[in-house]
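Heads up: the structure comes next, in C-alpha cells.
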Amino acid sequence: MSDLSRRKLIVTGLAATAGAAGLGVAARLAQKYGLVPPDHGGIYGLGETLNYASERLLTRHSLAREFPESQISKPPFPNEIPPLSDAFKRLEAEGFADWRLTVDGMVERPGSFSLTQLRSYPSRSQITQLACEEGWSYIAEWVGVPLSYILDVVGIRPQARYIVYFSIDPDWWDSIDMADATHPQTFLAYGLNGNELPVGNGGPLRMRLPRQLGYKNVKFITHLTVTDSMKGFGKGLGSASPEGGYAWYAGI
Amino acid sequence: MATSGSVQEPPGASFPSSASAAPASTVTSRHSALVRVTHWITTLCFLALLVSGAEIVLSHPRFYWGETGNVLTTPLFKLPFPSSRNLVPTGYGYVLPDQNGWSRYLHFQAAWIAVLTGLLYVIFGLFTGHFRKNLLPGKADLSWRGFSIAIASHLRVKRPGEEEAWSYNVLQRITYLLVIFVLFPLVIWTGLAMSPAFVSAIPATVTVLGGQQSARTIHFFVSVALLLFLIVHVAMVCLTGFKSRTRAMITGRTGTSMERT
C-alpha cells in the first residue's frame, strides 16, 4: 500500500466516522428540541423529518398570511365530506344543541364543553386561506375560540407534547405539537363568513390551523386529548393520515 | 477547434504522444467525479419528482392565476386528464385511484436530496471554476457568428467533432446554465411558495408571484420546461453517441482517441 492510498484511507475513515458521529449528535439534538415527527420511520422518513424540522425551526412563531375582506372567496368552497353517521344526523337535527367537546389526557381539569360555552369564550376571527394538498384553495373568514384558551381552561401539564384531536367520524383524527397548539392562529372554528360554520365546511366545530394544509384541519371535532407521546394512538404515527399513506406534517 | 473560442483543450491533447507514457491514474476525466455523482443523483431525484408531481397534478388537473382557485372558480386552463378525485369535473366518467400520499412523501424526499445535491454541486462549481471553465460561453461564441455556426451544425444534425467530446458548444453551455441557475431555482422557489408554513415565515416568496395559485401554475410550467430539457438532452446524447457520452458521465472516460492513446 502506497503512502498516498494509506493517507487517503485514513482521511476517508476519519471523515466517515466524523460524519456518522455528527449524524448521531444531530439526531439526538433533533429529538431533544422536538424536531422529529411521529412518522419519521420508513423509507420517506428522511424527507418528512427534514420538512418538519426545518419548518419548525423557521416558522415556530410566524403567522399565516391574513387577507382583506375583499379577497374572501365567493362562494366558500365546501369540500367533499365523508358519509355522516346517524349519530351526527341526530345532533344536526337538534341544531347541535347536544354537541360536546370533551378534553382529557394530561390536564388538571378534564372537561366537556357545549357549543354555547365555546361561543361564550373570547373569540378570534381571521381571514385566511385553506389550501388542500390536491391543489385547490379558498379564502374565508373563520371565527372560533383559540385552542390555547381551551388548553388554559383545562390546565395542561408541563410534560404535554401533543394535542390529539378527534372527529365524530371514528377513523378521522390527527395531532399537532405544542408549537402549533399554542399558536395564536390555531383555533376551534364554529363560524364562517359571519354565519355558523356549515356542515360542508366542517361545522359545527372544526380544527383550524392555517399554517398547515386542509387535511390537517379535521372536521366535526368532538374530543381533544393532551399527551406526551403518540404511542398508543393508532399505530403511533401521529394521526390517521400516515396510516392512510399521508404525511403527518402538512405544512407543505 | 479554432472556430470555437470557448473550447477547452483537454490536458494532454497538445502532446498526444506523451499521454501513452503517463500512468493510467493520471488520465484526465471528461467529467470530474463530483459532477458525475451529482449528475446521477439529480437524475434519479428529477425522475422521482416528475412521476410524483404528475401524480399530484392528477388530483386537481386545473390551473388558476392569483391567490385562490377551486372547482367553483374559473380555471386559467385545464389538463385533458381524468382526476383522482371525484369532485373535479373532468368530463371523464371515472375517477383514478388516489396516489397522493406516497407521491407527496416521495416528492419532498426527492426534492430535499436534489436541493442538497445541487447545493454541493454549485459550491463545488464555484470553487473549482467548473462553471467558468466548462459552462460559461467564451466571448467569441457569444456573437451572431458563434451562434449561427452552432445552430447550423445542430440543424444539419452533424455529428460533433472529437473536440466536442471534451467540451460543450455554446448552445449546450447556455442551456445548462439556464437549467442550473434559472429553472431549478425557480422550481424550488415556486414549490416553497405553495407551502403555507414556509410563506408564513417569508410571505414575499408567494406575494411577489401573485398568489399561491400563481405559484402552482408557474411550478407546473417550469416543470414542463425541465421535462423538455430532459427530452432534448437525452435525444442529443443518443444522436451524438449514447455509449460514449453515457460512459463519460459514469466513468469519466470518453473513449476518444485523445484518451485511448
So who's got an amide H within less than 5 Å of the one on A:Ile252, skipping anything under 5 residues away but keeping other chains? H placed 1.01 Å off N, in plane. A:Leu213
Long-range amide H contacts for B:Arg30: which residues qualify at under 5 Å (H placed 1.01 Å from N, peptide plane, sequence gap of 5 or more or a different chain)? B:Arg253, B:Thr254
Please go through segment B:62-93 and write out the chymotrypsin sites (Phe, Trp or Tyr not before Pro) that DSSP classes as loop and that have at most 13 other C-beta atoms within 10 Å. B:Tyr92
The rounded separation in angstrom of the Cα centers of segment A:238-252 and segment A:50-76 is 18
Using θ = phi - 60° and the Karplus curve 6.51 cos²θ - 1.76 cosθ + 1.60, what whole-Hz ³J(HN,Hα) does each residue of segment A:155-166 get, with Gly and Pro shown as x? x, 7, 7, x, 7, 4, 10, 9, 10, 9, 10, 10
Distance between Cα centroids, segment A:155-231 to segment B:107-148: provide it in whole Å. 46
So how do B:Val206, A:Val199 line up by other beta-carbon neighbours within 10 Å, fewest first? A:Val199, B:Val206
Say R0 is 45 Å: what FRET efficiency, to the nearest 0.05, do A:Ser112 and B:Phe221 get from their beta-carbon distance? 0.30
Interchain or long-range residues, amide H under 5 Å from A:Arg60's placed H: none
Taking square-rooted eigenvalues a ≥ b ≥ c of the alpha carbon gyration tensor, is the protein assembly as shown rounded, prolate or oblate, where a/c under 1.5 means rounded and, failing that, a/b exceeding b/c means prolate? prolate
Can you put A:Phe113, B:Phe221 in order, fewest other beta carbons within 10 Å first? B:Phe221, A:Phe113
If Lys and Arg each add +1 and Asp and Glu each add -1, what is the summed charge of the other residues whose beta carbon sits under 12 Å from the beta carbon of A:Leu224? -1
Cα-based reach from B:Lys243 at 16 Å (exclusive), listing aspartates and glutamates while leaving out same-chain residues under 8 positions away: B:Glu162, B:Glu164, B:Glu259
Once phi is turned into θ = phi - 60°, what whole-Hz ³J(HN,Hα) does the Karplus curve with 6.51, -1.76 and 1.60 give for every residue of segment B:238-244, x standing for Gly and Pro? 5, 5, 9, x, 4, 4, 6
Which of the lysines could be linked to A:Lys219 by a straight reach, that is with a Cα gap under 28 Å, when you skip same-chain ones fewer than 8 residues away? A:Lys74, A:Lys89, A:Lys231, A:Lys235
Mean ellipticity per residue at 222 nm, deg cm²/dmol - from DSSP H runs of n ≥ 4 across chain A, formula -39500 (n - 2.57): -9000 deg cm²/dmol
Residue-wise, which Karplus ³J(HN,Hα) couplings in Hz belong to segment B:34-48, taking 6.51 cos²θ - 1.76 cosθ + 1.60, θ = phi - 60°, and x for glycine or proline? 5, 5, 5, 5, 5, 4, 6, 5, 4, 4, 4, 4, 4, 4, 5
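Values quoted throughout were computed directly from the atomic coordinates according to the rules given, and no laboratory measurement underlies them. Predicted, not measured: the structure shown is a model, and the values here were computed from it. Ideal geometry is used to build each Cβ from the backbone, glycine not excepted, and the neighbour counts take in all protein chains shown.
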